[in-house]
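What follows is a single structure, written as C-alpha cells, with notes after it.
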Amino acid sequence: MSETTLTISARRARPRPGQECTRHHVLETVYDLISEHGIEGLSMRQVADAAGLSTGTINYHFGNKQSLVIAALESAYELPSDWEQYCGSPSAQLRRLVFGYVCRSPRDRFWRFWINYLAASTRNDELSAHQRTRYERQERFWARLIRDAVKVEEFKKSLDPQHEAEQLLSLAHGLVVRQLVLPYAEVRAEARALLGARIDSFRE
C-alpha cells in the first residue's frame, strides 16, 4: 500500500453501519484516490484498503471497478444537501448549482477526479457514453430551471432556455479547467464573478 493510500486510510474513520453510509464512504474514498493517482492505476483492493473495508464489501456494492467509477461520477452530481432551502426560486437553485463549478480549494478533489474521469473517457467507450449522457442530463436540468425562472418572472421572457443552458454549462466547464491549470484564489474568485455575472444577465 502506498504512503498516500495509508494517509487517506488514516484520515478517514470507519463507516457507521448501514449500506448507504458504506456506499458514501467508499465513493468519498474513490474521489481521494483518483484525484491523487488517476483511474488507470486504481484497483478494488486499493479502494478497500483505503476505505478500511474488505474487497468483498466493495464488490457487493459496486460489482467492478468501472461500475464503481461511474457510480462516483453519478453521486457527485446529486442535488446538494441544502437544496430544499432554495425551493420556490428556480434562479436561486440554478445559482446554487452553477457555483458548484467554482473550486473550493487549489486541490479540489472532485474536480481533480472529474478531469481524470474525462481523460479516461477518451480511451473507454463506456465511460465516454456515460459522461456524454451525464452532460446532456445536466444541460436539460439547467434549461428547465431557466425556463421555470422565466415563468415566475425571475428571468426575462426573451431568453431561450436551451441556448442559455448550453452556453452557461460551456462557460462553467471552461472555468473549471482554468481553475485546475491556475489553482490560485484569484482565479477561483474570477470564476465565481464570471458565473454570477452570466446569471445576472438573465434578469430584466
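Residue under question is Ala143, and the condition is that it be touching a residue at least 60 places away in the same chain (Cβ under 8 Å), under 19 Å from the mean Cα position of the chain (by Cα) and crowded, with 17+ Cβ neighbours inside 10 Å; does it hold?
Criteria not met by Ala143.
Name the residue, out of Ser105, Ser158, Ser81, that is of a type in the set (Gly, Ala, Ser) and at pLDDT 95 or above.
One residue alone meets the criteria, Ser158.
Can you tell me which condition Ser91 does not meet? The list is (1) crowded, with 19+ Cβ neighbours inside 10 Å; (2) on the phi > 0 side of the Ramachandran plot; (3) of a type in the set (Gly, Ala, Ser), and all the others hold.
(2)
Applying the selection to the range 146-179, what residues are without any contact (Cβ under 8 Å) to a residue 24 or more places away in the chain, small (Gly, Ala, Ser) and over 24 Å from Asp108 (Cα atoms)?
Within the range 146-179, just Ser158 meets the criteria.
Scan the range 183-197 and tell me whether some residue there is open to solvent by 60 Å² or more (accessible area, probe 1.4 Å), more than 24 Å from Phe110 (Cα to Cα), touching a residue at least 12 places away in the same chain (Cβ under 8 Å) and not in a helix (DSSP H, G or I).
The answer is no, given that none of the residues of the range 183-197 is open to solvent by 60 Å² or more (accessible area, probe 1.4 Å), more than 24 Å from Phe110 (Cα to Cα), touching a residue at least 12 places away in the same chain (Cβ under 8 Å) and not in a helix (DSSP H, G or I).
Taking the residues in the range 101-130 that are over 29 Å from Asp148 (Cα atoms) and aromatic (Phe, Trp, Tyr) as candidates, determine which candidate is surrounded by the fewest Cβ atoms within 10 Å (Cβ to Cβ).
By that ranking, first place goes to Tyr117.
Have a look at Val69, Val98 and point out the one that is among the β-branched types (Val, Ile, Thr), open to solvent by less than 20 Å² (accessible area, probe 1.4 Å), out of contact with any strand residue (DSSP E or B) (no Cβ under 8 Å at 6 or more places or on another chain) and assigned by TED's automatic domain parsing to the domain that holds Ile146.
None of the others qualify; the one that does is Val98.
The values are calculated or read from the model by the stated rules, or taken from the named source; none is laboratory data. Predicted, not measured: the structure shown is a model, and the values here were computed from it. Every residue, glycine among them, receives a Cβ derived from its backbone with ideal geometry; neighbour counts consider all protein chains shown. Calculation scope for accessible area: heavy atoms of the full protein, side chains included, ligands and nucleic acids excluded. Shrake-Rupley method; radii C 1.70, N 1.55, O 1.52, S 1.80 Å.
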